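Heads up: the structure comes next, in C-alpha cells.
The values are calculated or read from the model by the stated rules, or taken from the named source; none is laboratory data. What you see is a predicted model, and the numbers here were worked out from it, not measured in a lab. Neighbour counts are summed over all protein chains in view; Cβ atoms, including those assigned to glycine, are modelled from backbone coordinates with ideal geometry. Please note that ligands, DNA and RNA were not included when accessible areas were found on the heavy atoms of the full protein model with its side chains. Shrake-Rupley method; radii C 1.70, N 1.55, O 1.52, S 1.80 Å.
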Amino acid sequence: QVQLVESGGGSVQPGGSLRLSCAASGSIISINDMGWYRQAPGEQRDLVARITSGTSTYYADSVKGRFTISRDYAKNRVYLQMSSLKLEDTAVYYCNAEVLYGSYLAYRNLWGQGTQVTVSS
C-alpha cells in the first residue's frame, strides 16, 4: 500500500504565506505526476498546481505568480509554497500522485487526506 500524507495547513491572514508538504510512502516503484488540488465548501475539487516526473509545472490561473510547486524526487515529496494568500484561497488542499506500486502494472491515481488552509482577517 501507498499513503500520501499532507502537512503544513493552518490559518493565516491575507497576504501571508504557508508551505504545504506531501510525503508518499509505501512500496513505491515509481511516481509520475504529483500535484495539489483544493476544494472549498460547496465547490468542486480543482487543480491548483502540478509537477511532472520531468519537472514541468502547471498552475491554475488563480495562483500563478503566488504559488510555487516543487518536488523532492529522491524522497517522494511534493511541496506547495503559497504566498500573497487571499481569502478565496481558503479550502481543503489535497495532494495527488500517480503512483506505480506493489503488484500493479499501471500507475494508480492516489489522494491524501487533505489539509485545511484558512485565510481570514
Q: Work the Kirkwood hydrodynamic radius out for the chain: mean of 1/r over every pair of different alpha-carbon atoms, inverted, in Å.
A: 14.5
**Q.** Solvent-accessible heavy-atom area per residue, rounded to whole Å², over the chain at 1.4 Å
**A.** 52
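Could you check what % of the DSSP bridge pairs in the chain are antiparallel, to the nearest 5?
Values: 42 of 45 bridges.
Of the beta bridges lying entirely in the chain, close to 95 percent run antiparallel.
Students often check this: by mean Cβ neighbours within 10 Å, which of 13-26, 99-112 ranks highest, and how do the rest follow? Please list the in-between numbers first.
Working: 13-26: 15.9, 99-112: 13.5.
My ranking of the peptides, most packed first, is 13-26, 99-112.
Could you rank the peptides 32-45, 69-82 by their average count of other C-beta atoms within 10 Å per residue, with the highest value first?
Details: 32-45: 16.0, 69-82: 17.6.
Listed from highest to lowest mean packing, they are 69-82, 32-45.
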Q: Report, by chain and number, residues whose modeled amide H sits under 5 Å from the one on residue 67, excluding near sequence neighbours (fewer than 5 apart, same chain).
A: 83
